[in-house]
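Undergrad: Dumping the structure here so I can ask a few things about it.
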Amino acid sequence: MRIPRYSFALLLLLAISSVSSQFPRDFIWGTATAALQIEGAWIEDGKAPSVWDNLAHLPGFTADGSTPKVGPDSYHRFEEDVKLMKLHGVKHYRMSISWPRIVPQGKKGKPVNQKGVDYYKKVFKTLLDNGITPYATLYHWDLPMNLVIKRRGIESKYFVEDFLHYAEVCFKEFGDMVKTWFTFNEIWCMALLGPLKDRDRGRKPYQIAHNSLVAHAHTVELYRKKFNKDKKGKIGIVLNSSMMYPNPCTCLLYTSDAADE
């Protein structure tokens with residue numbers, strides 16, 4: 001059975017409508033995607049492969065052999081996608097920008113891909129023209145493969161400067177249309193659940209988390225000092241969390257009554 005495009009977003013919005021009265025009036029409801037999930041066009045118009053492009057092509061890496069080569073094809077169909085979002089009442093949309101589409105080689109000082117820049121400008125303009133506020137995530141796990149090959153990826157001592165170069169390009173090119181930015185999506189997942197399944201559980205996760213947090217701090221400072229002088233923009237980070245319940249086991253120091261409280 002083929003599921004219609006954005007059916008899950010529609011179901012989410014229907015669920016939201018039933019509980020929205022329980023939230024503050026100024027609570028922002030919306031929907032979100034990641035570039036790798038929806039764009040396709042994996043090596044089109046100057047884009048270079050990301051780490052996930054590469055891994056998804058390895059035999060047996062994905063359950064059914066799926067790759068991000070096409071996906072929902074939003075690179076070519078974003079105007080249709082935005083119309084669907086508007087039809088279903090979406091007012092706020094968080095999306096990610098593909099690092100290897102903007103700076104294909106990833107490194108500081110390497111050329112910017114103008115076709116990639118032009119694509120995102122069209123997407124942001126189309127969203128705004130349809131009354132949808134864009135929220136941009138700079139990094140949602142699609143690291144340029146070149147940085148994995150040449151720099152050891154996020155573990156590299158050069159990661160911070162490479163990420164700052166990419167972030168500065170995005171702030172400069174899209175800052176007039178995007179006023180809410182997120183540096184990283186779920187660093188915990190990047191460090192502990194990343195694509196390198198043979199990852200050493202010793203030092204590497206800590207190095208990845210450290211470098212990502214340092215890059216986040218420098219990126220926030222860059223944005224606030226250089227690109228947000230009018231104070232109309234915001235920048236932060238996306239963290240993941242899980243619901244936790246106390247264990248009512250009587251062998252622990254607290255009782256089930258305490259857990260209920």
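We did not get these values from a lab; they are worked out from the coordinates using the rules stated. It should be emphasised that the depicted structure is a prediction, and the values quoted were computed from it without experimental measurement. So basically every Cβ, Gly included, is an ideal-geometry build from the backbone, and we count neighbours across all protein chains shown.
Undergrad: Excluding Lys150 itself, calculate the net charge of residues whose Cβ lies under 15 Å from the Cβ of Lys150, where each Lys or Arg counts +1 and each Asp or Glu counts -1.
TA: Summing Lys and Arg as +1 and Asp and Glu as -1 gives +3.
Undergrad: Further question: What are the residues whose amide H is under 5 Å from the amide H of Thr180, where those residues sit 5 or more places off or on another chain and H is modelled from the backbone?
TA: Distant-sequence amide H within range of Thr180: Ala136, Lys234.
Undergrad: Still on this model: How far apart, in nm, are two points set 7 Å out from the Cα along the Cα-to-Cβ line at Lys86 and at Lys122?
TA: Using points 7 Å along Cα→Cβ, the separation is 1.6 nm.
Undergrad: Follow-up question, since we're still on this one. I need the shape label for the range 142-246. Rule: rounded when a/c is under 1.5, else prolate if a/b > b/c, else oblate, with a, b, c from the alpha carbon gyration tensor.
TA: It comes out oblate by the Cα gyration axes.
Undergrad: Hey, rough spin-label estimate for Val70 and Ala217, points 7 angstrom out along Cα→Cβ, what's it come to in nanometres?
TA: 4.6
Undergrad: Hey, for a label at Met244 modelled as a point 7 Å past Cα toward Cβ, could you say which residues of the range 155-186 have their backbone N under 19 Å away?
TA: 186
Undergrad: Grab the Cα-Cα distance for Asp129 and His57, subtract it from 0.36 nm times how many residues apart they are, and report the gain in nm with one decimal.
TA: Between Asp129 and His57, full extension yields 22.2 nm more.
Undergrad: Right, something else. Among Lys86/Lys232; Lys122/Lys179; Lys47/Lys108; Lys47/Lys86; Lys69/Lys108, which pairs are too far apart, with a Cα-Cα distance over 23 Å?
TA: Beyond 23 Å between Cα atoms: Lys86/Lys232; Lys47/Lys86; Lys69/Lys108.
Undergrad: Below 12 angstrom from the Cβ of Lys69, what's the summed charge of the other residues (Lys, Arg +1; Asp, Glu -1)?
TA: -3
Undergrad: Give me the number: length gained by fully extending Glu168 to Phe27, i.e. 0.36 nm times residue separation minus the C-alpha to C-alpha distance, one decimal in nm. Mind showing how you got there, number by number?
TA: Details: separation 141, 0.36 × 141 = 50.76 nm, distance 2.95 nm.
The span from Glu168 to Phe27 would gain 47.8 nm if fully extended.
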